[in-house]
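Coordinate-derived values only; no laboratory data. Just so we're clear, the structure is a prediction, and the values are computed from it rather than from any experiment. Cβ placement follows ideal geometry from the backbone for every residue including glycine, while neighbour counts extend to all protein chains displayed.
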Amino acid sequence: MSKKTGTSKIIKEGLTKLKIPKDYLSKKHFFNPKVELSRDLTVLVLNSLGPKDWVICDALSGIGARGLRVAKECDVKRVWLNDMSEYNIPYMKKNARLNRVKSKIKITNQDANQLLSEQIRTFDYIDIDPWGSPTYFFDSCARSIKRKGFLGFSATDTAALCGTSSITCLRRYGIQSYKTDFFKELGVRILITSAALSFSKWFFSLKPLLSYTSKHYFRVFAEVKKGRSIASKTVKKNLGYVNYCPKCLWRKMDKRPITKCEFCGSETKIIGKIWIGKIQDVKFIKKCIKQLSKIDWLKNKYKVRKLLLSLVNESIPLYYDVHKICKKHSLKIPKFMILQDKLKKKNYSAERTHFCKTGIKTNAELEEFIKIISKS
Ligand SMILES: C[S@@+](CC[C@H](N)C(=O)[O-])C[C@H]1O[C@@H](n2cnc3c(N)ncnc32)[C@H](O)[C@@H]1O
Ligand SMILES: [Zn+2]
């Protein structure tokens with residue numbers, strides 16, 4: 001729904017009206033209507049966490065769409081909107097008035113790192129939604145988040161995260177990566193590793209609550225808690241290696257690096273240290289699904305529900321891309337349902353994944369998986 005007024009127009013997302021500039025995709029004053037789902041999820045996650053007197057920071061807010069939606073659609077005390085580009089500020093102000101949330105909103109025009117570094121232990125929730133990588137902001141988030149707080153961060157640097165540009169990944173995330181057939185999940189794990197290590201430096205543990213990818217971006221919601229011992233335990237427990245054989249597509253996530261493929265004997269690619277722990281908190285996601293029925297104003301509620309229902313079943317790590325496995329091993333591509341049935345009959349899990357349309361999450365080892373495909 002949109003209404004034009006001169007050089008800008010008014011649209012509605014959730015319960016929030018947004019006056020957006022005509023050139024809303026410009027670097028001056030930015031708003032991307034295509035990531036409404038990501039803002040819907042932010043509203044849902046904050047409603048599910050149940051904040052009452054929370055202080056929220058939308059540190060890279062563009063025209064303020066996400067933070068304004070939180071102010072309007074969640075029960076929070078205060079929302080701080082910030083963006084480095086001064087052209088966004090008039091839109092933040094107009095939209096705060098338009099939605100009658102002005103009294104809850106604080107607006108600044110600063111570098112996010114400066115703002116966050118100055119606001120020690122101020123925020124209950126910080127949102128980092130940059131162009132490219134959020135990694136540059138994690139250290140300052142650790143200064144300004146409260147002793148127990150929550151974060152939402154996204155990344156659009158898919159080449160670095162998906163193994164296409166492994167040198168950029170090493171430089172930016174400190175991980176030697178590689179192109180795999182489960183590259184989208186690997187991207188999320190790399191992103192979580194970077195956040196978890198940045199926070200651990202400042203004695204915070206990090207627990208991913210909900211992680212997903214859609215279109216051109218990755219997004220993670222996580223809880224952080226301050227404490228030297230829990231920070232050390234988190235890193236010790238959750239970091240390890242993704243061992244991968246490009247020759248046969250064998251893979252194993254393990255605490256140890258494995259140099260020889262356990263299927264074909266070739267030399268493996270070792271990716272890590274990387275987050276090998278859980279990337280979803282199923283209990284929390286179920287809470288979000290319940291909460292979704294209470295906030296029925298979301299335009300994308302069916303899409304959100306479908307995504308959440310998928311995430312609940314995605315606890316097995318590292319999906320197989322069935323098409324790539326078939327190509328590599330000269331197998332006929334099976335009907336998906338038949339393959340799922342055959343796996344389940346042998347007591348293996350067999351779930352679809354939002355990461356990949358032709359992907360399957362199963363605890364069957366490659367050898368067994370290939371055998372089952374060939375009989376499907
Ligand atoms: C992807 S847009 C944000 C979109 C917004 N979160 C939304 O949901 O509509 C990224 C924004 O970050 C701002 N930005 C980039 N670097 C920044 C920095 N160091 N500090 C503050 N803002 C920054 C840009 O001006 C741009 O508006
Ligand atoms: Zn191999």
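Could you line up 360, 230, 120 from fewest to most neighbouring Cβ atoms inside 10 Å?
Details: 360 24, 230 16, 120 10.
Least to most surrounded, the residues fall as 120, 230, 360.
Given the DSSP H assignment, sum -39500 (n - 2.57) over each helix run of at least 4 residues in the chain and divide by its residue total; what's the result at 222 nm in deg cm²/dmol, nearest 500? Working shown, then result.
Numbers: 14 runs with 138 residues, N = 376.
That comes out to -10500 deg cm²/dmol.
Hey, what do the phi angles of the range 19-35 turn into as Karplus ³J(HN,Hα) couplings, whole Hz, using 6.51/-1.76/1.60 and θ = phi - 60°, x for Gly and Pro?
Listing the rounded values in order: 7, 10, x, 4, 8, 5, 9, 7, 6, 5, 9, 10, 8, 10, x, 6, 10 Hz.
Over the chain, with a Gaussian network built from C-alpha contacts below 10 Å, which listed residue (56, 107, 276) shows the highest mean-square fluctuation?
107
Rounded, prolate or oblate, given the Cα gyration tensor of the range 79-162, with a/c below 1.5 counting as rounded? Provide the component values of the computation, followed by the final result.
Numbers: a/c = 1.96, a/b = 1.32, b/c = 1.48.
Oblate.
Kindly write out, for the range 283-290 in residue order, the coupling ³J(HN,Hα) from the Karplus curve 6.51 cos²θ - 1.76 cosθ + 1.60 (θ = phi - 60°), rounded to whole Hz, with x marking Gly and Pro.
4, 5, 5, 5, 5, 4, 4, 5
Among residues other than residue 138 whose Cβ falls under 12 Å from its Cβ, what is the net charge (Lys/Arg +1, Asp/Glu -1)?
On the way: positive: 143, 172, 201; negative: 139.
Here the charged neighbours net out to +2.
Tell me, what is the Rg over Rh of the range 286-333, with Rh the Kirkwood radius over Cα pairs? Write out the running numbers ahead of the final one.
Details: Rg = 16.6 Å, Rh = 13.3 Å.
Rounded to two decimals, Rg over Rh is 1.25.
In square nanometres, what is the average projected area of the Cα convex hull of the chain? Walk me through the intermediate numbers first.
On the way: hull surface 75.6 nm².
Here the figure is 18.9 nm², rounded to one decimal.
Which residue, 361, 269, 22, has the most motion in a Gaussian network model of the chain that connects Cα atoms within less than 10 Å?
Its mean-square fluctuation being the largest, the pick is 22.
Most mobile of 347, 88, 32 per a Gaussian network model of the chain (Cα springs, under 10 Å)?
Largest GNM mean-square fluctuation: 347.
Looking only at the chain, where both bridge partners belong to it, what percent of the DSSP beta bridges are antiparallel (to the nearest 5)?
Numbers: 46 of 62 bridges.
Around 75 percent of the beta bridges assigned by DSSP in the chain are antiparallel ones.
What is the local net charge at residue 213, summed over the other residues whose Cβ is closer than 11 Å to its Cβ (Lys, Arg +1; Asp, Glu -1)?
Details: positive: 184, 215, 219; negative: 185.
My count for the surroundings of residue 213 gives +2.
Enumerate the amide H contacts of residue 9 below 5 Å, restricted to partners 5 or more residues apart or on another chain; note that Pro and chain-start residues carry no placed amide H.
The list, which skips near neighbours in sequence, is 20, 22.
Using a 10 Å cut-off around each Cβ, can you sort 215, 106, 184 from fewest to most neighbouring Cβ atoms?
Values: 215 11, 106 14, 184 22.
So the residues, fewest neighbours to most, are 215, 106, 184.
Post the alpha-carbon centroid distance, the range 191-225 to the range 321-375, in whole angstrom.
So the separation of the two Cα centres works out to 29 Å.
Taking each pair of distinct Cα atoms in the range 328-376 once, what is the resulting Kirkwood hydrodynamic radius in Å?
It works out to 10.9 Å.
Against the longest principal axis of the chain, how steep is helix 301-312, in degrees 0 to 90 to the nearest 10, with axes from Cα atoms?
Orientation of helix 301-312: about 40 degrees from the principal axis.
Looking at the range 1-147, send over the antiparallel percent of its DSSP beta bridges, to the nearest 5.
Values: 11 of 23 bridges.
Bridges in the range 1-147 that DSSP calls antiparallel: roughly 50 percent.
Excluding residues on the same chain fewer than 8 positions from residue 233, give the aspartates and glutamates whose Cα lies under 16 Å from its Cα.
Of all the aspartates and glutamates, those that pass the test against residue 233 - Cα under 16 Å, at least 8 places apart if same chain - are 223.
With respect to the cross-link table entries 104/278; 19/146; 72/290; 294/344, which display a Cα-Cα separation exceeding 27 Å?
Numbers: 104/278 35 Å; 19/146 32 Å; 72/290 20 Å; 294/344 35 Å.
Pairs exceeding 27 Å: 104/278; 19/146; 294/344.
How far apart, in nanometres, would the label points at residue 15 and residue 312 be if each is projected 7 angstrom from Cα along the Cα-to-Cβ direction?
Result for the modelled spin labels: 2.5 nm.
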